[in-house]
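The values are calculated or read from the model by the stated rules, or taken from the named source; none is laboratory data. What you are looking at is a predicted structure, and each value in this text was computed from that prediction instead of being measured. A quick note on method: Cβ atoms are made from the backbone with ideal geometry, for glycine too, and the neighbour counts reach across all protein chains shown.
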Amino acid sequence: MNIVNAKQQGFSIVELMIALVISIGTIGGLFSIYLKTRTTQELTEANSRIQESGRFAMEYLKRDIRMIG
């Protein structure tokens, strides 16, 4: 016969497993968000460098055209 004590303390193995699964899922989701954010940041920086190069080229061409004409 198994008598359950009203003042039982601690967690059961099932509760610990559920908490572990929830924690792993949360950490996995956060890591996925981190990776996507990092990829987006890298793409944004690359686009900024391309735009800056384009602006430099346009200014260079404008200067040359003004000197010619």
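Residue-by-condition table, conditions (1) modelled with pLDDT of 95 or more; (2) on the phi > 0 side of the Ramachandran plot; (3) of a type in the set (Asp, Glu):
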position: Ile13; (1), (2), (3): no, no, no
position: Ala19; (1), (2), (3): yes, no, no
position: Arg38; (1), (2), (3): yes, no, no
position: Asp64; (1), (2), (3): no, no, yes
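Output the residues belonging to the range 10-69 that are among the aromatic types (Phe, Trp, Tyr) and surrounded by fewer than 10 Cβ atoms within 10 Å (Cβ to Cβ). So that I can check it myself, show each step before the final result.
Going residue by residue through the range 10-69, those that are among the aromatic types (Phe, Trp, Tyr) are 11, 31, 34, 56, 60.
Correct list: empty.
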